[in-house]
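Participant: Handing you this structure, nothing more for now.
What follows is calculated from the coordinates using simple rules that are stated; it is not laboratory data. Predicted model, so just to flag it, every value in this text is computed and none were measured. Counting neighbours? That spans all protein chains shown, and the Cβs are built from the backbone with ideal geometry, glycine included.
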């Protein structure tokens, strides 16, 4: 089993397709096998259903999630149109990173048994193995635009969850886990070295990778940004448990002066008095919880804390030392790394630090791995930085995974750098950029720097994605034809709303939420669903903060900023009736049911399988419910494979429209309540440029 441990992310520009195909197969199976081995640490199946962290799903979700990810991405990429288990591929799809729209209500989930989930995983493993054998691959290798990107994306995603799931296992009751030799922890422990500050010379730095780079990358790694970094000093070692103890014993967790407002709120809520993985035995001795064991406190190992704790320590340290002590910026960390390390995984022969599972399955002493004059610049534990993640200039979203990075561009997710002992694959690369909420627990610690230079934070709270901003304009901006599209549409539907007397309504394709908020004036409960997390993020922001901002393109290079608030439209009083969640219309989870009114806006033309939505929506409605479909039927192969289009073709030699298809599909469940009518939908793409779409609106009553 040891041979699956030390693996390196593949070089993807291998010119021999047969060789690269087998490299990918081996990397896929090694990844799947080590993932299985991680979950072997859980003693009994019941442990998978425990909430290790109240802000995370139980581990059964992650057991299923890493497998369904392959199938869902392969379908989005239109590489396959097959689903193995649609219910699983909905249930296990989203809910990983504690976004406010993640549904963590356990009453909404009927988790399958662990043997059933494992059987599904085996099916997925065999399916992807067959695909690796059959998918065409040429001498250009695997690149951003290659169908194979979906496969390497699935593999690297699974490797991320080696790390995140191991942190959750570390938070399970000790009785629910077992220490396996495969995950042996570092046996070295002793007194911690004194930490000192060493000089780091400044310089010019260029970050961001090219799309021609031969190694896999997540979307936020691409682009280009330059920095001029001034001289600074950095701690020789990561902060050890012993050094952090000084902060604890000095009342650091009781003194609000050291904490940010966010940090003190977290500390007060958690009633934290020391780091999450520290414990005391019955004799009062300090102990440390590793993934599956409790050991005597290794004082020379790095302190593993969240950003808020690391920041409080630095504030305390600055007062003690009388120096400007803080966490490093992303640019400062990179400059330090490049000063002392000149190799990268997968090119190193042996890892220069405790990383890539090449040494231990735990942290180790902070003075075990020298790198130049410093220690653990990479490896051992992740290092928190002062820098919230943001996009580099030139950033673009990968269409297979449109919500990997953008939901984290909210100034609430700080970058962690350097990797940990269990960071493998892309995580161990120099260019990797991962960020987590500041109260998030990870195998993460920190080093500190001394610098008078303030950290520059990209405060880009204006949505500027050209795929998103036209819908911000449609939902909340001015209209060239008078009344706003959404308020006009709902006024045309008022008769049917009165007829349905809806207590509970759904808006499919809700975008940034305008129709949902408008419906909430009539309905007691409205759920807005969209497949794109970038829309859900903005709708949720509108609900929680009352406003959104975006950049509006005027002409050429000119833009202007726009802002809309619920108060502008008299909708602020209805926010408590609305919730917004990410979901695929073609594969909705079973929890979405019991609706009196459903409005589907532009859903069919943006669905990978519109017929699946139409054939299942009746099961989610109450007697007497009404379904409204508003769509232009503007079929686009970027969203809908040609074979999945409902109409716009010839059938038996005659024209067959999408509305013809609607009648054929829905007649078994619904009756058409009136002749369809048209509504104009103006999509603004520039200051004086609008795309005017004509949506056909059809209203259907559920048959009793």
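Participant: Within 10 Å of each residue's Cβ, count the other Cβ atoms and sort 319, 56, 289 from fewest upward.
Facilitator: If I rank by nearby Cβ atoms, fewest first, I get 319, 289, 56.
Participant: For a Förster distance of 25 Å, can you work out the FRET efficiency between the beta-carbons of residue 138 and residue 26, rounded to the nearest 0.05?
Facilitator: 0.80
Participant: Then there is this: Report the extension gain between residue 555 and residue 464 in nm, rounded to one decimal, defined as 0.36 nm multiplied by the number of residues separating them, less their alpha carbon distance.
Facilitator: Between residue 555 and residue 464, full extension yields 31.3 nm more.
Participant: 7 Å from Cα along Cα→Cβ at both residue 567 and residue 123: what's the point-to-point distance in nm?
Facilitator: The answer from the label model is 5.3 nm.
Participant: Sorting 559, 637, 411 on the 10 Å Cβ count, fewest up front, what's the list?
Facilitator: Numbers: 559 17, 637 10, 411 14.
By the 10 Å Cβ count, ascending, the order reads 637, 411, 559.
Participant: Please report 362, 90, 210 as a ranked list, fewest other C-beta atoms within 10 angstrom at the top and most at the bottom.
Facilitator: Ordered from fewest to most neighbouring Cβ atoms within 10 Å, 362, 90, 210 come out as 210, 90, 362.
Participant: Going by Cα centres, region 341-390 and region 673-696 are how many Å apart?
Facilitator: 54
Participant: What is the extension gain from residue 53 to residue 499, computed as 0.36 nm multiplied by their sequence separation minus the C-alpha to C-alpha distance, in nm to one decimal?
Facilitator: Difference between extended and current length: 156.1 nm.
Participant: Run the helix sum for the chain: -39,500 (n - 2.57) per DSSP H stretch of 4+ residues, divided by residue count, reported at 222 nm to the nearest 500 deg cm²/dmol.
Facilitator: Working: 16 runs with 194 residues, N = 704.
Rounded to the nearest 500, the figure is -8500 deg cm²/dmol.
Participant: What angle, in degrees between 0 and 90 and rounded to the nearest 10, separates the Cα long axis of helix 261-270 from the longest principal axis of the Cα atoms of the chain?
Facilitator: The helix 261-270 is inclined about 90 degrees to the chain.
Participant: Right, here's the next one. Can you give me the distance in nm between label points at residue 273 and residue 295, each placed 7 Å from the Cα along the Cα-to-Cβ direction?
Facilitator: So the label points at residue 273 and residue 295 sit 2.6 nm apart.
Participant: Which value in nm describes the separation of the simple spin-label points at residue 665 and residue 46, placed 7 Å from the Cα toward the beta carbon?
Facilitator: Roughly 4.5 nm, to one decimal.
Participant: With Cα extents along the principal axes in Å in mind, check [x] 88, 84, 52; [y] 81, 54, 54; [z] 105, 70, 52 and report the label derived from this structure.
Facilitator: [y]
Participant: Between helix 17-39 and the chain, what is the angle of the helix's C-alpha long axis to the longest principal axis, kept within 0 to 90° and rounded to the nearest 10?
Facilitator: The answer is roughly 80 degrees.
Participant: Output the 0 to 90 degree angle, nearest 10, between the alpha-carbon long axis of helix 330-340 and the longest principal axis computed from the alpha carbons of the chain.
Facilitator: The angle comes out at about 40 degrees.
Participant: Rounded if a/c is under 1.5, else prolate if a/b is larger than b/c, else oblate: which is region 106-216, with a ≥ b ≥ c the root eigenvalues of its Cα gyration tensor?
Facilitator: On the way: a/c = 2.41, a/b = 1.09, b/c = 2.21.
Cα axes put region 106-216 in the oblate bin.
Participant: When the Cα centres of region 5-78 and region 153-187 are compared, how far apart do they sit, in Å?
Facilitator: 13
Participant: Which length gain, in nm to one decimal place, applies between residue 264 and residue 175 when the Cα-Cα distance is subtracted from 0.36 nm times their residue separation?
Facilitator: Going from the current span to full extension adds 28.9 nm.
Participant: Report the FRET efficiency, 1/(1 + (r/R0)^6), for residue 674 and residue 575, where r is their Cβ-Cβ distance and R0 is 45 Å, rounded to 0.05.
Facilitator: Calculated value: 0.90.
Participant: Between region 519-571 and region 419-484, how many Å separate their Cα centres?
Facilitator: 19
Participant: If you take the square roots of the eigenvalues of the alpha-carbon gyration tensor of region 567-704 and sort them as a ≥ b ≥ c, do you get rounded (a/c under 1.5), prolate (a/b over b/c) or oblate? Display every interim value, and only then the final one.
Facilitator: Values: a/c = 1.60, a/b = 1.10, b/c = 1.46.
Oblate shape, in that a/c is at least 1.5 and b/c is the bigger or equal ratio.
Participant: With a Förster radius of 30 Å, plug the Cβ-Cβ distance of residue 488 and residue 593 into 1/(1 + (r/R0)^6) and report the FRET value to the nearest 0.05.
Facilitator: 0.55
Participant: Let me ask you something else. Going by the alpha-carbon gyration tensor, a ≥ b ≥ c the square roots of its eigenvalues, is region 469-702 rounded (a/c under 1.5) or, if a/c is not under 1.5, prolate (a/b greater than b/c) versus oblate? Intermediate values should be presented prior to the final figure.
Facilitator: Numbers: a/c = 1.72, a/b = 1.23, b/c = 1.40.
Oblate is the answer for region 469-702, as a/c is 1.5 or above yet b/c matches or exceeds a/b.
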